[in-house]
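The values are calculated or read from the model by the stated rules, or taken from the named source; none is laboratory data. Worth saying up front: this structure is predicted, and the values here are computed from it rather than measured. For neighbour counting, all protein chains shown are included, and Cβ atoms are generated from backbone atoms with ideal geometry for every residue, glycine included. All accessible areas refer to the heavy atoms of the entire protein, side chains included, with ligands and DNA or RNA removed. Shrake-Rupley method; radii C 1.70, N 1.55, O 1.52, S 1.80 Å.
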There are 2 protein chains.
Amino acid sequence: MKLWQDKLRKIDPYVPGEQSDAPGLVKLNANENPYPPSPRVQAVLRETNAASLRFYPDANGTDLRAALARHFGLRPEQVFLGNGSDDVLALCFQAFFASGQPILFPDITYSFYPVWCDLLRVPFECVPVRDDFRIDPRAFDRPNGGVVFPNPNAPTSLGEGLDFIEDILRHNQDCIVIVDEAYIDFGGVSCLPLLEKYENLVVVQTMSKSRSLAGLRIGYALCSPTLAATLEAVKNSYNSYTLDTLALACGTASVEDDGYFRETCARIVATRDKTAEQLRAMGFTVLPSQTNFLFATHRTRSAKEVFEALKAKNIFVRYFSKPRIDNYLRITIGTPKEMEKLLSAMKAIL
Amino acid sequence: MKLWQDKLRKIDPYVPGEQSDAPGLVKLNANENPYPPSPRVQAVLRETNAASLRFYPDANGTDLRAALARHFGLRPEQVFLGNGSDDVLALCFQAFFASGQPILFPDITYSFYPVWCDLLRVPFECVPVRDDFRIDPRAFDRPNGGVVFPNPNAPTSLGEGLDFIEDILRHNQDCIVIVDEAYIDFGGVSCLPLLEKYENLVVVQTMSKSRSLAGLRIGYALCSPTLAATLEAVKNSYNSYTLDTLALACGTASVEDDGYFRETCARIVATRDKTAEQLRAMGFTVLPSQTNFLFATHRTRSAKEVFEALKAKNIFVRYFSKPRIDNYLRITIGTPKEMEKLLSAMKAIL
């Protein structure tokens, strides 16, 4: 043991989800969008003069923030940009959960929350979801350093309405409440209208899912100007230029193409509902999804067994060996053709 | 005052350096490269199918790490990638400066070091550079939680040799020593050969300056596999996908075009040396630069006055109103034509 080793941060290596690019692979394990991004994104790539890359990006992301503000009917100073919603959430944890009191989030939720807490030394407590996997709004009714949960929740796919969110906000006025809307565009109800009334609300969204831009790492927070300024101060103390020039330009082009966005989301929702129905016919219990994935368990066959059997057929879905959900599969919605492949493989396995 | 405001992180907003894109502007204030990136970068943009952006990027940056490892004669497991060298350095501070003892860096140096210390709660002490602005290696000979300094140093432009770096390493075996080589490719001597001998050395470089890719945010650390693995664990606990698909592809293309890289660096060095000579003839003291900028002070005219006068002529250089250096200008090396504009404006002002 060398003495310098003593000065290293002790941390459990967090391993990102399994990726693979084997030929012929049906990749339904990362909640990626099966459709390409808006054709305007391709146009940006074609038309960008690489010489512009010698300059630093616009640290303020002026154009993208303006486009998002227009899209949502907000002011640009209510929009904060980050390098994917993971970056935005990590900065939120640093900016808003600084009281030393434990923050609260559901026990079954996005697996990164406890990881950020450990890294950033934010104490936390998990509040159990109910037996039907619904979040219990009353579970947050206690002193806390902040609240964060996804709506719709992952990996359960369950979404809640505006009343539910407002109920939590009404009972949590003394802390920041973060609603992580990564999957909101697939039929969920966004709580953005509550921003007018609740200055302590932060809504986080991403372009990785509904806008097919996982490869470009664009996330954003929508909140009161006070909170956006706090995020900006923390960000500028960490890395002033988190979004690169190409991501900013492609993101802006995507936001400005609302028609394409709505159409592809609607196609995914239609494929999802059809797939859910067919899985139910095969003996699966499928939670009512408001996301681009399904959360399903089979009456007789174990999830792990089905997961492995699908993998052997080159179909990758997601399996979590975690308490309460270790008999469920998370299945990303692909193209209708990919879902046919999944369903016929499933039929063969069962 | 609302109660939730008490839970926000109290932080001084760090303001990034002044940017401007007025037409006709001669922009010599951000140490950007005056030449476009390798033509292969333009080819990547032209040839990328935007459909590939629907997938998450390769979290391990396999191709870019392999290209950098080949370029430097290292193993891929010695290469760590980040979203610009600011991201890499911020992760280094979290990963390596965890002892609670104060870390050491020069009083005149990259202005982000104390900002990261404040944000990440790393105690620090500044060691004064000598009157000639050279770093005193003996100043680091005391118990510390780590050492970080740029070589060449910024904004002084002064570079040191291998013996100097090894001297510091020899006296600092019980902590991590980070050498920030952001400007190394403009005539400095990289300390990479010392990696074989010193497992506690971390060398950080960037593609923003010498590779004309400031707009794409690509930085990297080169170090022992142990230290790279620690960085990877911290990064994966913060944001698994810091580099986007386009940045990874463009960065790889740049590294593989060594001829273009060497040629543009050589042109900047030639322009720099000629400009320094001409400024000296005008009464400036110009430090011997090993970077893509000059650090200069005039015998009779105040730096602030010259800075303002240049600005009025639409020529932006950098001025720091900081103790010890508040009579100096930092002037980025542009094209020969831009430097002619600077010199003739300077002549008119003096």
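Things worth noting here:
- Of the residues screened, B:Val122 is one that is part of a loop (DSSP other than H, G, I, E, B), more than 20 Å from the chain's Cα centre (by Cα) and modelled with pLDDT of 95 or more.
- Taking the listed residues A:Val26, A:Val15, the one that is under 18 Å from the mean Cα position of the chain (by Cα) and over 18 Å from A:Leu213 (Cα atoms) is A:Val15, with no other qualifying.
- Applying the condition of being touching a helix residue (DSSP H, G or I) at 6+ places or on another chain (Cβ under 7 Å) and either small (Gly, Ala, Ser) or buried (at least 19 other Cβ atoms within 10 Å of the Cβ) (or both) to the stretch B:60-73 and asking which residue is nearest to the other protein chains (Cβ to nearest Cβ) yields B:Gly61.
- Taking first residues from the stretch B:48-59 that are under 13 Å from B:Cys250 (Cβ atoms) and within 7 Å of chain A (Cβ to nearest Cβ) and partners that are open to solvent by 30 Å² or more (accessible area, probe 1.4 Å) and of a type in the set (A, V, I, L, M), no Cβ contact under 6 Å between residues at least 6 apart in sequence or on separate chains turns up.
- Condition check for A:Val189: in a strand (DSSP E or B) and either over 25 Å from A:Gln101 (Cβ atoms) or modelled with pLDDT of 95 or more (or both): no
- Scanning the stretch B:130-146 for residues that are under 21 Å from B:Phe320 (Cα atoms) and either of a type in the set (Lys, Arg) or surrounded by 21 or more Cβ atoms within 10 Å (Cβ to Cβ) (or both) returns B:Arg130, B:Arg134, B:Ile135.
- Qualifying residue in the stretch B:310-333 (condition: surrounded by 16 or more Cβ atoms within 10 Å (Cβ to Cβ), of a type in the set (Gly, Ala, Ser) and at negative phi): no
- Residue in the stretch A:48-58 that is assigned to a helix (DSSP H, G or I), open to solvent by less than 20 Å² (accessible area, probe 1.4 Å) and over 28 Å from A:Pro288 (Cα atoms) present: yes
- 1 or more residues over 25 Å from B:Val202 (Cβ atoms): qualifying strands (runs of 3 or more DSSP E) within the stretch B:217-315: B:284-286, B:293-298
- The set of residues from the stretch B:147-182 being open to solvent by 20 Å² or more (accessible area, probe 1.4 Å) and either modelled with pLDDT under 95 or part of a loop (DSSP other than H, G, I, E, B) (or both) comprises B:Glu160, B:Gly161, B:His171, B:Gln173, B:Asp174.
- The lone criterion from (1) closer than 15 Å to B:Asp180 by Cβ; (2) touching a residue at least 60 places away in the same chain (Cβ under 8 Å) left unmet by B:Leu104 is number (2).
- Members of the stretch A:310-330 that are among the hydrophobic types (A, V, I, L, M, F, W, C) and farther than 24 Å from A:Asp273 by Cα: A:Ala312
- One residue alone among B:Ala249, B:Ala221, B:Ala214 is open to solvent by 10 Å² or more (accessible area, probe 1.4 Å) and either more than 24 Å from A:Leu216 (Cα to Cα) or in contact (Cβ under 8 Å) with a residue 12 or more places away in the chain (or both), and that residue is B:Ala249.
- Subset tally (residues that are facing chain A (nearest Cβ under 9 Å) and among the polar types (S, T, N, Q)) for the stretch B:87-116: 3
- The conditions of being open to solvent by 30 Å² or more (accessible area, probe 1.4 Å), hydroxyl-bearing (Ser, Thr, Tyr) and under 19 Å from the mean Cα position of the chain (by Cα) are not met by B:Tyr260.
- If the condition is being outside any loop (DSSP other than H, G, I, E, B) and open to solvent by less than 20 Å² (accessible area, probe 1.4 Å), then the stretch A:104-119 contributes A:Leu104, A:Phe105, A:Pro106, A:Phe112, A:Tyr113, A:Trp116, A:Cys117, A:Leu119.
- Taking the numbered list (1) out of contact with any Ser or Thr (no Cβ under 6 Å at 6 or more places or on another chain); (2) within 30 Å of B:Asp131 (Cα to Cα); (3) more than 10 Å from chain A (Cβ to nearest Cβ) in turn, B:Leu28 passes all entries but (1).
- The residues of the stretch A:1-21 that are crowded, with 17+ Cβ neighbours inside 10 Å and modelled with pLDDT under 85 amount to a single one, A:Tyr14.
- Scanning the stretch A:225-237 for residues being of a type in the set (Ser, Thr, Tyr) and either touching a His at 6+ places or on another chain (Cβ under 9 Å) or open to solvent by less than 10 Å² (accessible area, probe 1.4 Å) (or both) gives a total of 1.
- Residue match in the stretch B:31-45 (condition: open to solvent by 40 Å² or more (accessible area, probe 1.4 Å), facing another protein chain (nearest Cβ under 7 Å) and in a helix (DSSP H, G or I)): yes
- Of all the listed residues (A:Leu248, A:Leu243), the sole one being touching an Asp or Glu at 6+ places or on another chain (Cβ under 8 Å) and under 25 Å from A:Pro34 (Cα atoms) is A:Leu248.
- In the stretch A:195-211, residue farthest from the other protein chains (Cβ to nearest Cβ) [restricted to those that are open to solvent by less than 10 Å² (accessible area, probe 1.4 Å) and either among the hydrophobic types (A, V, I, L, M, F, W, C) or in a loop (DSSP other than H, G, I, E, B) (or both)]: A:Val203
- Screening B:Gly24 on (1) out of contact with any helix residue (DSSP H, G or I) (no Cβ under 9 Å at 6 or more places or on another chain); (2) touching a residue at least 40 places away in the same chain (Cβ under 8 Å); (3) surrounded by fewer than 17 Cβ atoms within 10 Å (Cβ to Cβ); (4) in a helix (DSSP H, G or I) shows it passes everything except condition (4).
- Residues within the stretch A:113-122 that are free of Cβ contacts under 8 Å to residues at least 60 places away in the same chain and under 29 Å from A:Phe295 (Cα atoms), tallied: 4
- Search result, residues across the stretch A:127-146 that are assigned to a loop (DSSP other than H, G, I, E, B) and more than 14 Å from chain B (Cβ to nearest Cβ): A:Pro128, A:Val129, A:Arg130, A:Asp131, A:Asp132, A:Phe133, A:Arg134, A:Ile135, A:Asp136, A:Asp141, A:Arg142
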